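For reference, the structure is listed below as structure tokens.
Taken together, the values in this text are just the output of simple stated rules run on the coordinates, not laboratory data. The structure presented is a predicted model; accordingly, all values stated were derived computationally and were not measured. Cβ atoms come from the backbone with ideal geometry, glycine included; neighbour counts cover every protein chain shown.
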Amino acid sequence: MSESLLTLPMNELRTRYPSMKRALFSAFHIGGCQSCAYDDSETLAAVCERNELDPEVAVKEILESAERDAAMTLSPSEVKALLDADPATPLLDCRTREEHEAVNIAGSQLLTQELQGKLFAPGNYERTIILYDHTGNNALDTCSWFQGHGLKGTRILQGGIDLWAQEIDPSLPRYRLELD
């Protein structure tokens, strides 16, 4: 398996393993800034060679990061069950204020700096906190940060509000973001 990962271009590898970028940067300082950047068309083997990194170690880190991401993720049905069992479970929207005001999951709150500060109060460190964004990829960074700062019960909604609208609440309008 690792041999096939080594021959993939970085953009395809990132599509298969969305955690790859965070994993390579945090473990080896690869891909996070201009001095350690890579081209999307480079293979993982080429990136490892240029950065004098053992390819097997890089592959192991990528696979383990995918497992860590999976452990932070709850399906829409799992989130719904949690919210049905305990409606006081914080459901926090990590998107922009404009996105939240346009469409949001009932009972959710926009994650603001003020709210974030309140979450770090004593008694919240083991509490379940659910984060969501548009498609489930950006909230992983916030979830990792929360967990790394002690809020071990933080999880994300797999697929974000988009998958929630498909599986749980079809009345929510779906949308796509236009990127510059």
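The table that follows gives values for the structure above.
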read-out: Most mobile of Asp133, Asp40, Asp69 in a GNM of the chain (Cα contacts under 10 Å); value: Asp40
read-out: Furthest towards positive pole of dipole, Gln158, Thr43, Leu111, structure part the chain, Cβ charges; value: Leu111
read-out: Beta bridges by DSSP in the chain, antiparallel share as percent, to the nearest 5; value: 10 percent
read-out: Value of relative contact order over the range 75-167, rounded to a whole percent, pairs C-alpha under 8 Å and six or more apart; value: 33 percent
read-out: Spatial separation of Cα centroids for the range 7-35 and the range 118-136, in angstrom; value: 26 Å
read-out: Theoretical ellipticity at 222 nm over the chain - DSSP helices of four or more residues, -39500 (n - 2.57) apiece, nearest 500; value: -13500 deg cm²/dmol
read-out: Rounded if a/c under 1.5, otherwise prolate or oblate - the range 2-71, Cα gyration tensor axes; value: rounded
read-out: Cα-based shape type of the chain, given that a ≥ b ≥ c are square roots of the gyration tensor eigenvalues and the cut on a/c is 1.5; value: prolate
